[in-house]
Every structure is written in C-alpha cells, then in structure tokens.
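The values are calculated or read from the model by the stated rules, or taken from the named source; none is laboratory data. All of these numbers come straight from a predicted model, not from anything done at the bench. Neighbour counts run over all protein chains shown; Cβ positions are idealised from the backbone, glycine included. SASA here: full protein model, heavy atoms, side chains in, ligands and nucleic acids out. Shrake-Rupley method; radii C 1.70, N 1.55, O 1.52, S 1.80 Å.
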Amino acid sequence: MKVLLVSSGSGSRGGGEIFLDYLGKGLTDRGHEVTTWIPADPRMDELAEEISRFGQVIRANYRNVYDYRTRTLATGFNWRTSRKIAGQWEELKPDVIHLNKQNLEDGLDLLRAADRCSIPSVCTIHLTQTAHYLRAQLPRLRDWIARRALGNYNGVFVAVQETRRGALEEFLGSHKRTETIFNGVPLADLDQKRRVRVAKRSELGLKPDHFLVLGIGRLVTQKQPFVFLNAAKTLYGHFPAAKFLWVGDGNLSARWDEWVARENLGGVISRVDWQTDVLPFLFAGDLLLHVAEYEGLPFAIAEAMSAGLPCAVTHNFAAEVPIFNHDNVLFLDDAQALASRFRDSEALSRIAAGGRRLVEQKLSVRAMVDAYERLYLEAIRR
C-alpha cells in the first residue's frame, strides 16, 4: 500500500509524534510505501530528519492550532486551508491517509481536508481528554467546536488504549466508530544490555551499589516533574543508595535546577537534556518512575518495559491504563513500601519480566502495524 502519514505539527519530542516514526518504519519494513506530511515549522525538524531515514518527507506550510491565538476558532472554520491541503494530498495519490492528532482539538482543518479527498482515511487521537478536563480556557466553546468537527469526519477514529477510546466514544456519541490500537515500540535487544549498561553507568559516574531511578519526558507541567522530585527526596530518605536522573528538558528546567539546589540534592538528583537514543539510559537504570498527570499510552513506559526495566506508576495512572497492573508495574503511592522493593531483586526481576511480556504480546511495533494494516485495508475496501 501507499500510505500517507500526516502530522498535526505539535512538536518532535512528544510521544504522539514519535508514534509516526515507529509506525512509519514498521510499515516500510513490511514493504509499504510511506510518505509523511509534516508541517515546515522548525520544531518539527528533528522528527522530519528521523522519518527521512525510511521514507519520503513532505514539509508543508501549515500552522498547528496552538500557533493561533484564537485556537480552534481559527482551525475549526478555515475551509480555504482545508481545500488547499486536500489538493496536495490528492496529488500524492496514496491508497490511504492516516491523520495523527495529539488531542481532540488539534488538526480539525486536517480532518476536513481528509473528508474533501477521494482517498479513504483513518485518524489516531492520542489524548482524548476534554478541554474541560485539561483546564483550558473557554473549555465549553472549545469542546463544542472539537465535537462538531470530529462528528463531521467520515473516517474511523483510533484511540491508543481502551480507556481513552471509551472517553472518545462518550465525547462523540456511539454513532461514531472508534477503535483501540495500542501504541507499539521496538523490542530492545536484551543480549546487548549488559555491555551497554556497564558502559553507560560508568559514564554517569555510578557505583555498583547505586540504584538508578529514571524519569523520562519533557520538563513540562503535564509530566509533573516536581512530583518526581518530591518522590525522589522521600525515596532517598528510605534508600540512600538511590540516585535519580531525569532524561528530557522543557520550560520547567530552570525551576527544576533551583529546587535541586535549594534541597541540597545535587549529588542525588540530576538531569540530562533530550536524548535521541534513550535506550542506553534504560539499560543503565534500575527503575523507571512515571508520574505524569495524564497520558494516552506513554512510550516511555513501553520502551522501558521493552528494555527489561521495571516501572513504577501511581494507582490513579494504572486505573487509566488497565493493562498496567500488579503483574507488570510497581506502585508509587506508598514511598516507603516502594523503597523497600528496591532491595528485592527477585520482585524487580518479576516485574521487569512481566513488562517485557506485555510489550511482546501487545505493545510491540509488530502488533501495532498488524492492527493498522487491517484497518487500512478495511478503509480501502469500503
């Protein structure tokens, strides 16, 4: 098949856009011809460079909804933009168009463009929380515009896990078809783990008895880095061999550094900037601590599980993503109890093995590509 993947242009470092890299590479490996349409904004340069490894990349003059001061009041009604984009896509002559939306309200003009095309399409939405839930300004108006635009779309909507699909169905009504396809990640080569782990831990200045707890993500409010910091402080009090490393940067970087200095924890808690290859850090770590306020299906956790790294989350988060349970994650809610698990190598190994099995069975690129191939073929045959 000739597949046109479409980015809504939210940025190169969010999981919802990295999804296009993993999916596109997986489709190409199956023999499909993949073209990726990416906005020309410089924030998309990193993603475009990554995707160019395996397929054609088209950079388009397109503004993401958050580049407009009026947000969806602009993209919800800019029919001229949709007509222009539809013409571009028709000229490419793909067999199917796959729109990739980060949330309910971005890319509404792209949905209209897809419907103007004679080409079948599907649409993935990673975050299906409403503007009201996200505490956005003018939430009722923004949710109304998004509901109206999504309700007019003729294709199938895909959510990245079942709770998010249920929320999407509730938002749109049962008359719209929604499907669940889990995000997938590559399976890490565990035969390389020991060698890479030794080298990376040496580079990080870790001693053999240090227990490295990782946080991975942008340093932004959604990821709750200060929840991570306070948890790290408490966990360190119960387990002095623990070290904490956040991988990623963002608009809270300066405040993070100030907090660490104020608490005199510079030798315990550190951070590094965004990494294009996070696998060496995952191999070097002993636990991933994930504390984000809300997510779709976080790649950080799936990638950590793929690397054989045990993960810890809150019960609230696990309730949002039911595939995470006592068989494959630890829980943060009681810091003292979690710290005690740091000493239990058998329990850590059991959780790591459970996480790896989950990726092999449900969260692999292979499983994701299988599901989207079926959906593409169904859309083409309709």
#### Entry: Rounded FRET efficiency, nearest 0.05, which uses the C-beta distance separating Trp79 from Asp333 and R0 of 35 Å
0.10
### Task
Return the aspartates and glutamates within reach of Lys84: Cα separation strictly under 14 angstrom, same-chain partners fewer than 8 residues apart disregarded; answer none if there are no such residues.
Asp109, Asp115
### Task
Would you mind putting 337-343, 62-68 in packing order, based on average other-beta-carbon counts within 10 Å, highest first?
62-68, 337-343
### Task
For the range 302-382, with all protein chains present and a 1.4 Å probe, just round the carbon and sulfur fraction of the accessible area to a whole percent.
48
### Query
Say the dipole of the chain comes from +1 at the beta carbon of Lys and Arg and -1 at that of Asp and Glu; which of Leu23, Gln336, Val3 then lies farthest toward its positive end?
Val3
### Task
Would you mind telling me which residue in Gly267, Gly24, Gly250 has the biggest mean-square fluctuation in a Gaussian network model of the chain, where springs connect alpha carbons within a distance under 10 angstrom?
Gly267
### Task
Find the accessible area per residue for the range 115-188; the probe is 1.4 Å, ligands and nucleic acids are left out, and the unit is Å².
47
#### Entry: Identified option (computed mean projected area of the Cα convex hull in nm²; candidates (1) 23.9; (2) 21.4; (3) 18.3)
(3)
### Query
Amide H to amide H, which residues 5 or more places from Arg271 or on other chains are under 5 Å from it, using H placed in the peptide plane?
Trp246
#### Entry: Rounded FRET efficiency, nearest 0.05, which uses the C-beta distance separating Arg59 from Trp274 and R0 of 22 Å
0.55
### Summary
Amide H neighbours of Ala312 at under 5 Å, excluding residues fewer than 5 places away on the same chain, with H built from the backbone geometry, are Leu288, Leu289, His290, Leu330
### Message
I want the local charge near Asp191. Using Cβ-Cβ distances under 14 Å, sum +1 for each Lys or Arg and -1 for each Asp or Glu among the other residues.
### Response
+4
### Task
Can you work out the accessible area per residue across the range 246-313, with the rest of the protein chains kept in place, probe 1.4 Å, in square angstrom?
33
### Estimated dipole of the range 36-111 in Debye, rounded to 20 [Cβ of Lys and Arg +1, of Asp and Glu -1, Cα centre]
320
### Task
With an 8 Å cut-off on Cα pairs and a minimum separation of 6 or more residues, tell me the relative contact order of the range 1-160 in percent.
23
## Note on the structure
Within the chain, the percent of DSSP beta bridges that are antiparallel, given to the nearest 5, stands at 0
### Task
Give me the number: length gained by fully extending Glu90 to Asp115, i.e. 0.36 nm times residue separation minus the C-alpha to C-alpha distance, one decimal in nm.
7.9 nm
### Query
Counting Lys and Arg as +1 and Asp and Glu as -1, each charge on the Cβ, what is the dipole of the chain about the Cα centre in debye, to the nearest 20?
560
### Query
Which length gain, in nm to one decimal place, applies between Thr221 and His132 when the Cα-Cα distance is subtracted from 0.36 nm times their residue separation?
30.4 nm
### Query
Which of the aspartates and glutamates could be linked to Lys207 by a straight reach, that is with a Cα gap under 19 Å, when you skip same-chain ones fewer than 8 residues away?
Asp286, Asp344
### Message
I'd like to know which of Leu229, Leu375, Ala149 lies farthest towards the positive end of the charge dipole of the chain, counting +1 on Cβ of Lys and Arg and -1 on Cβ of Asp and Glu.
### Response
Ala149
### Task
With a 10 Å radius around each residue's Cβ, average the other Cβ atoms per peptide and rank 86-97, 157-168, highest first.
157-168, 86-97
### Cα gyration tensor shape for the range 288-382, rounded if a/c is under 1.5, else prolate or oblate
prolate
#### Entry: Candidate aspartates and glutamates for bridging to Lys2, where Cα separation is under 14 Å - those fewer than 8 sequence places away on the same chain excluded
Asp29, Glu33, Glu90, Glu91, Asp95, Glu373
#### Entry: Most positive-pole-ward Cα, Gly285, Gly107, Leu348, against dipole of the chain from beta carbon charges
Gly107
### Task
Just order 33-45, 109-121 by mean Cβ neighbour count inside 10 Å, highest at the front, would you?
109-121, 33-45
#### Entry: Amide H contacts under 5 Å for Val96, placed H, 5+ residues apart
Lys2, Leu4
